[in-house]
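This report refers to the structure that appears directly beneath it.
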Amino acid sequence: MDKVAFYAPFVRGAVIARLGRPCVVAQAPEALDGTVVTLSGDEDEKAAAAIITKAVAETEKIPCRVTLNVGGRTIPFMIGEEFSALDWLERGGSVYFPPSIGLEIIPNVRSWTMRNRVCLVTGGAQGFGEEIVRGLCEGGAIVFIADLNLAGAQDLAEKLNDQRRRSPVAFAVEVNVGDEASVAAMFEKVALTTGGLDLCVSNAGVLRAQPILEQDIDTFKFVTGINYTGFAIVTKHAGLLMRRQFLGASSSPWPTDIIQINSKSGLEGSNKNGAYAGSKFGGIGLVQSFAKELVDYHIKVNAVCPGNFFDGPLWSDPEKGLFAQYLRTGKVPGAKTVEDVKAFYEAKVPMGRGCEGPDVLRSIYYLVDQVYETGQALPVTGGQVMLS
């Protein structure tokens with residue numbers, strides 16, 4: 001791992017503990033006056049964190065500049081709230097502490113919950129993922145848009161950053177969540193860019209609806225590999241980054257969150273859709289297990305279980321969408337058209353509509369804001385599925 005990516009979370013954790021709020025920690029283009037920390041470069045995580053935390057805690061001025069001297073190599077960092085966007089970008093930097101902005105598209109959410117947090121959303125270039133990315137940015141967060149569709153992620157990031165003019169808040173990163181090397185590289189980029197991470201939304205997923213008697217088992221493995229194993233891979237590497245940040249915070253740790261976007265199919269079986277439902281059931285088992293394990297590092301792990309997002313590509317794509325798949329497989333008796341299938345599923349929801357982006361965003365805000373909940377699977381189903 002790159003030395004900067006290894007040490008940056010310790011610095012960010014120590015600075016957050018001192019400031020009492022999230023911030024960006026980015027490598028400075030040149031050495032500057034400020035807190036200097038000397039390390040040999042051979043320390044393990046706990047030892048490195050202890051040295052950095054002590055130095056930052058003892059500095060008289062709340063640090064805006066921290067320089068590490070690691071075995072003779074100088075690694076300078078700057079804390080995002082010291083510099084203006086224009087000055088920083090002109091000096092070759094890539095990150096800015098975003099300004100306070102409103103929550104126009106998410107009424108009634110807590111206005112300070114996401115302010116200046118660093119977030120990452122897998123599968124963030126389209127569908128629910130795009131809705132989540134947009135909502136987090138509107139809440140004042142810095143968001144990494146992680147997707148196998150890099151062009152789509154870049155396009156979305158460009159649009160969001162254009163809206164912020166000189167204050168970039170979105171960064172595209174390519175990832176295949178089923179490939180551990182790809183996921184590890186993604187989180188290394190996060191550490192190099194912002195110093196650490198506050199929220200990881202594991203949203204990437206796939207669905208191939210078929211009866212088990214007809215489904216090719218390689219297809220079954222593909223679905224579970226992305227939805228179940230992919231979530232485990234993302235959690236592992238997000239957790240490693242968050243743990244280093246936690247160790248840097250020492251006695252004043254900043255709580256962090258991993259949230260899986262699960263499904264109502266993770267709460268009840270799904271006819272002729274066993275691979276998907278099974279992977280989502282398994283995901284909740286992972287959420288509960290990871291929550292117990294990672295709580296020692298103040299990492300909360302929860303799941304959001306949305307109902308059907310009828311207007312997104314997962315359902316509405318004319319070729320690959322669920323409405324088209326269910327029509328082809330005869331999952332809805334008597335359905336002759338895609339519209340018949342959609343009407344059938346809308347009638348199942350007591351609220352009379354499908355789940356929408358703001359519904360999921362409110363649940364994410366709640367889980368982040370609620371510091372006493374971990375290991376939960378929160379239904380957002382319009383009353384279609386209720387916990388018992």
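The numbers here are math on the coordinates, done by the rules we state, and not lab data. All values reported here derive from a predicted model rather than from experimental measurement. Neighbour counts are summed over all protein chains in view; Cβ atoms, including those assigned to glycine, are modelled from backbone coordinates with ideal geometry.
Based on alpha carbons, the Rg and Dmax found for the stretch 182-328 are 17.2, 57 Å.
Were the residues from L150 through R353 laid out at 0.36 nm apart, the gain over their Cα-Cα distance would be 69.9 nm.
Ranked by how many other Cβ atoms sit within 10 Å of their own Cβ, fewest first, the residues S202, S40 fall in the order S40, S202.
Annotated for the stretch 274-359: lysine pairs at least 8 residues apart or interchain, Cα distance under 29 Å, count 14.
At the listed q of 0.17, 0.21, 0.23 Å⁻¹, the Debye profile of the stretch 210-281, built from one uniform point per Cα, gives log10 I(q)/I(0) equal to -0.70, -0.87, -0.97.
In a fully extended conformation the segment linking A31 and D317 would gain 97.8 nm over its present Cα-Cα distance, using 0.36 nm per residue. If you run the Gaussian network model on the chain, springs between alpha carbon atoms under 10 Å, then out of C355, C137, C119 the most flexible one is C355.
In deg cm²/dmol and to the nearest 500, what is the mean residue ellipticity at 222 nm of the chain if only DSSP H runs of at least 4 residues count, each as -39500 (n - 2.57), divided by the residue total? Before the final figure, lay out each step's value.
On the way: 13 runs with 161 residues, N = 388.
It comes out at -13000 deg cm²/dmol, rounded to the nearest 500.
Considering every alpha-carbon pair of the stretch 320-388, the percent of pairs per 10 Å bin, from zero through the bin containing the longest distance, is 18, 35, 29, 15, 3.
Can you tell me which of T59, T224, T256 moves the most in a GNM of the chain? Springs connect C-alpha atoms under 10 Å apart. Maximum among the listed residues: T59.
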